[in-house]
Amino acid sequence: VSHLSNARPKVVICRDLGPAMPLLMERTDIEVVLWPEDRGCDRAWLLKNIKGAAGALVLLPDPINEEVLQAAGPDLRVISTMSVGYEHIDLPLMAQRNIRVGYTPDVLTEAVADLCVMLALMAVMTWPKYAWSPFTFCGPQISTMASSPTRTVGFLGFGRIAQSTLTRLVAFGVTHCIYSGSATSAPNPARDAALQAKHKLAALERVDLNRLASESDVLFVLTPGGKDTYHLVDAAFLQKMKPMSVLVNASRGTVVDSDALATALREKWIWGAGLDVVEGEPKINGDHPLVREPKCVMVPHIASATFETRMAMATRAIENLLGGVFGTEMPAELGD
Ligand code: DGY
């Protein structure tokens, strides 16, 4: 028995996965080592417990780098993150050591797109106190009326979540869409033509950052984080935006310069902002310039926080982990 139990590959789980835990705990072919507390996993605990592990299931706040690989030793085969973002994982290092990496795309797309629309709607109506007068507490309307000008919706990053957000906004009467892809992503005219036809849009165009800033009425920041996108939305970008426009960020706080955004709101360069993410999170307190800014609506990085989506993310992260540990298919493997 002891020989068999020693032969079971060890997996380290950095957070209790609630209703998904039986998928791990009911298995007899792995040894599960679970961070026992209901808060982010301590670094020291991870470094101690990952020794000899075949796999680790991690989250966004767990940087996976040389230090972790050193602590783990040669048996480590897979890192599975319960997130679609993976800027906390040193991918070139993983490739160099032949460690497979799993993540959770697709399953959170619809929940995040829902929240993007909610933040856009809230960002146009950010008045802090109740009062009524015919024109005092008004904001720009997102849905189209016969009398309203054409609204242009802009996306910084035009991946799955951006496209799902666009789908929802078509029902609001949006007919013009512009987007900027990353410097490395190739233009995709066939995809764009198909999307334009499907949504009966008058325009769907890939544009540079100048045009994205100056032409968007509602701008969604939905590009990955990391050094390539750091402060893409800075003071110069915000100064080009329309005074009646709103900015929504549901990707990574690091893409938007918080101080510049606070200035933009205070000095009325733009109308409002809706943020799911903010630089420096989760350590944000009442003194943060954006918390103090009444025309900024903030929620605490909850875009994927529906029961359905979190269960799907946890399940996928576990399946990725097991695929990596046992050398079989991983449902969502990076670099595939
Ligand atoms: C992700 O998955 O990367 C989100 O930011 C957290 O759900």
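The values are calculated or read from the model by the stated rules, or taken from the named source; none is laboratory data. For clarity, every value in this text was computed on a predicted model and none was experimentally measured. Methodologically, a virtual Cβ is constructed for each residue, glycine included, from the backbone with ideal geometry; neighbour enumeration extends over all protein chains shown.
Residue count for the range 322-336 satisfying the condition of being in contact (Cβ under 8 Å) with a residue 60 or more places away in the chain, in contact with a helix residue (DSSP H, G or I) (Cβ under 8 Å, 6 or more places away or on another chain) and more than 12 Å from the ligand (Cβ to nearest atom): 5. Of the residues contained in the range 161-181, one or more are found to be modelled with pLDDT of 95 or more, surrounded by 12 or more Cβ atoms within 10 Å (Cβ to Cβ) and of a type in the set (D, E, K, R).
Per this entry, D62 is counted among residues that are more than 20 Å from P331 (Cα to Cα), under 23 Å from the mean Cα position of the chain (by Cα), of a type in the set (D, E) and at pLDDT 95 or above. Flag: S180 matches the condition of being in contact with a helix residue (DSSP H, G or I) (Cβ under 7 Å, 6 or more places away or on another chain), in the same structural domain as P140 (by TED's automatic domain parsing) and among the polar types (S, T, N, Q). Checked against (1) at pLDDT 95 or above; (2) surrounded by fewer than 21 Cβ atoms within 10 Å (Cβ to Cβ), V291 passes all but condition (1).
Condition first: in contact with a Phe, Trp or Tyr (Cβ under 7 Å, 6 or more places away or on another chain) and away from the ligand (no atom under 16 Å from the Cβ). Can you find one or more residues in the range 177-193 that meet it?
If we filter the range 177-193 for residues that are in contact with a Phe, Trp or Tyr (Cβ under 7 Å, 6 or more places away or on another chain), which is where we start, we get 179, 181.
So of that shortlist, the ones also away from the ligand (no atom under 16 Å from the Cβ) come out as 179, 181.
Yes: the range 177-193 contains one or more residues that are in contact with a Phe, Trp or Tyr (Cβ under 7 Å, 6 or more places away or on another chain) and away from the ligand (no atom under 16 Å from the Cβ).
Examine the range 38-55 for a residue that is touching a Lys or Arg at 6+ places or on another chain (Cβ under 9 Å), on the phi > 0 side of the Ramachandran plot and more than 16 Å from the ligand (Cβ to nearest atom), and state whether such a residue exists. Taking every residue of the range 38-55 in turn, at least one turns out to be touching a Lys or Arg at 6+ places or on another chain (Cβ under 9 Å), on the phi > 0 side of the Ramachandran plot and more than 16 Å from the ligand (Cβ to nearest atom). Take the conditions (1) within 26 Å of the chain's Cα centre (by Cα); (2) aliphatic (A, V, I, L, M); (3) away from the ligand (no atom under 16 Å from the Cβ); (4) in a strand (DSSP E or B); V32 misses just one of them, which is (1).
Can you find a residue that is within 17 Å of M122 (Cα to Cα), buried (at least 17 other Cβ atoms within 10 Å of the Cβ) and in contact with a helix residue (DSSP H, G or I) (Cβ under 6 Å, 6 or more places away or on another chain) anywhere in the range 253-271? Within the range 253-271 (the criterion being within 17 Å of M122 (Cα to Cα), buried (at least 17 other Cβ atoms within 10 Å of the Cβ) and in contact with a helix residue (DSSP H, G or I) (Cβ under 6 Å, 6 or more places away or on another chain)), the answer is yes, since at least one residue qualifies. Report yes if R316 is over 30 Å from T152 (Cα atoms), basic (K, R), in contact (Cβ under 8 Å) with a residue 12 or more places away in the chain and within 16 Å of the ligand (Cβ to nearest atom), otherwise no. Taking the combined requirement at face value, the residue satisfies it. In the range 213-242, of all residues being touching a strand residue (DSSP E or B) at 6+ places or on another chain (Cβ under 7 Å) and among the charged types (D, E, K, R), the one that is farthest from the ligand (Cβ to nearest atom) corresponds to E215. Please verify whether W45 is surrounded by fewer than 21 Cβ atoms within 10 Å (Cβ to Cβ) and modelled with pLDDT under 95, treating the condition exactly as stated. It is false that W45 is surrounded by fewer than 21 Cβ atoms within 10 Å (Cβ to Cβ) and modelled with pLDDT under 95.
Only a single item in (1) in contact with a strand residue (DSSP E or B) (Cβ under 9 Å, 6 or more places away or on another chain); (2) modelled with pLDDT of 95 or more is not met by Q96, and it is number (1). Checked against (1) farther than 30 Å from A95 by Cα; (2) among the polar types (S, T, N, Q); (3) touching a residue at least 12 places away in the same chain (Cβ under 8 Å), N285 meets all criteria but (3).
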